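The values are calculated or read from the model by the stated rules, or taken from the named source; none is laboratory data. Owing to the predicted nature of the structure, the values given are computational and were not obtained by experimental measurement. Heads up, the Cβs are rebuilt from the backbone with ideal geometry, glycines too, and the neighbour counts pull from every protein chain shown. Note: areas computed on protein heavy atoms with side chains; ligands, DNA, RNA excluded. Shrake-Rupley method; radii C 1.70, N 1.55, O 1.52, S 1.80 Å.
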Amino acid sequence: MTEKDFIPSGYSQKVTSGEIAWRAPSNIALVKYWGKKKNQIPANPSISFTLDNAATTTSVVYTKLAQSKGHFSFELVFEGKPKKDFEPKIKTFFSRVEKYLPFLRDYHFTIETSNSFPHSSGIASSASGMSALALCLMEVERELNPKMKIDFFNQKASFLARLGSGSACRSIEGPIVQWGNHDDTEGSSDLFGIKYPYKVHKVFENYQDTILLVDKGQKQVSSTVGHDLMHNHPFAGQRFEQAHKNLSELQQVFADGNLERFIAIVESEALTLHAMMMTSHPYFILMKPNTLEIINKIWAFREANKTHVCFTLDAGANVHVLYPESERDITLQFIKNELVAYCENQQYLCDKIGFGAKKM
Ligand code: DP6
């Protein structure tokens, strides 16, 4: 596949109006995407668990314009209220994907969107938000071209979501999605995420992710700026190589269910991500004191109880606590007893591995 395969040659149907809705989940990376090239091409491959509960639902009402305007015609409603602040983001997204969705200037779109998680919880909604919007736009394209195959639909939705936000391309399918060229993964692509194609041990079924909300404030440094700082980063080369190796090793771990190795890779990836932030120029720290308190508690608990609880981090202070379903009770008890105290307003969200976006 090349990006040209996503440029439609024409549409078989004429459609004047309609309404569609999709619910797309968030995802949590195990091997992290950090650093990118032009056009949202990742500097290294990444892999994630698709989540189940943390999701964005977006509906789009589209009406054909009597005459195409010179600009995109849309309005945005977020959690029931018009949201002007989000409009520039959508406009940028529309202009990036216009080449692949030539109908965009022919319609007026009313986009209504809401998240399942609390607003300003520090949970990034860009992955679920961009994938839900990309799926809605693909649904319009499917109306115009009803013979479209499901594989193409998913690939192009992921391709478009990627242009909105890189990690969003891993939020179309589930339960495990890989994105970025990787020699050991057949079918892997820089252009879109693919469903992890190899064997996965049953210990990973229903794998749990409890998200501890350590800091709900606005991040001091956005992911976009962070990615940019990987250009000319002194350790970038080794880091990108390490991601390839970790992915290859994860394939073995997924096959044989070796949770000790799983933990070692996942925690190292999280700390490496933050080490990249601390060693870029300018350097920055997104972890908070409570992030470290939680990590230390997790290590002590795992050692004392011989369980398989581990952590990962995204580009922020919140901690994702990962554990197998068989250890759910003991881990939730531990979280309530020892970790909740480090969360802002004691807040945390229980989630687990999920199966991808759903049409509503
Ligand atoms: C740390 O996908 O938010 O969560 O492509 O600029 O929108 P943009 O970045 P984004 O970066 C996510 C980074 C990460 C790691 C990951 O999800 O792989």
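Observations, loosely collected:
- For the chain, the longest principal axis of the Cα atoms and the long axis of helix 289-305 meet at an angle of about 60 degrees.
- Nearby lysines by direct alpha-carbon distance to Lys297 (threshold 18 angstrom, same-chain neighbours under 8 apart not counted): Lys288, Lys306, Lys336
- Label-point gap, in nm, between Ile41 and Lys195 - each point 7 angstrom along Cα→Cβ: 2.8 nm
- Simple Cβ-charge dipole of the chain, Lys/Arg +1 and Asp/Glu -1, about Cα centre, in debye nearest 20: 980 debye
- Cα gyration tensor shape of the stretch 203-352, rounded if a/c is under 1.5, else prolate or oblate by comparing a/b with b/c: oblate
- Angle between the chain longest axis and helix 87-97 axis [Cα atoms, degrees, rounded to 10]: 80 degrees
- Restricting attention to the chain, close to 90% of DSSP beta bridges with both partner residues there are antiparallel.
- Subtracting the Cα-Cα distance of Asn258 and Gln220 from 0.36 nm times their residue separation leaves 10.0 nm of extension gain.
- Dimensionless Rg ratio for the stretch 15-197, taking C-alpha atoms and the 2.2 N^0.38 Å reference: 1.00
- The mean sequence distance of close C-alpha pairs (under 8 Å, at least 6 residues apart), as a share of the length of the chain, puts its relative contact order at 24 percent.
- Each distinct pair of alpha carbons in the stretch 73-156 adds a 1/r term; the inverse of their mean, the Kirkwood radius, is 14.0 Å.
- Amide N proximity, the stretch 102-138 versus Glu19 label position 7 Å along Cα-to-Cβ, cut-off under 12 Å: 110-112
- Ellipsoid fit via the Cα gyration tensor, the chain: semi-axes of 35, 22, 20 Å, each the root of five times an eigenvalue, largest first.
- Computed over the stretch 49-140: relative contact order in percent, which uses C-alpha pairs under 8 Å that are six or more apart: 47 percent
- The listed residues Thr210, Thr224, Thr272, once ranked by accessible area (1.4 Å probe) with the largest placed first, stand as Thr224, Thr272, Thr210.
- Gyration tensor verdict on the stretch 20-104 (Cα atoms; rounded if a/c is under 1.5, prolate if a/b is larger than b/c, oblate otherwise): oblate
- Charges were assigned to the Cβ only: +1 to each Lys and Arg, -1 to each Asp and Glu. The resulting dipole of the stretch 174-278 about its Cα centre is roughly 220 debye.
- Peptides 60-69, 259-268, 314-323 ranked from most to least packed by the mean count of surrounding Cβ atoms within 10 Å: 314-323, 259-268, 60-69.
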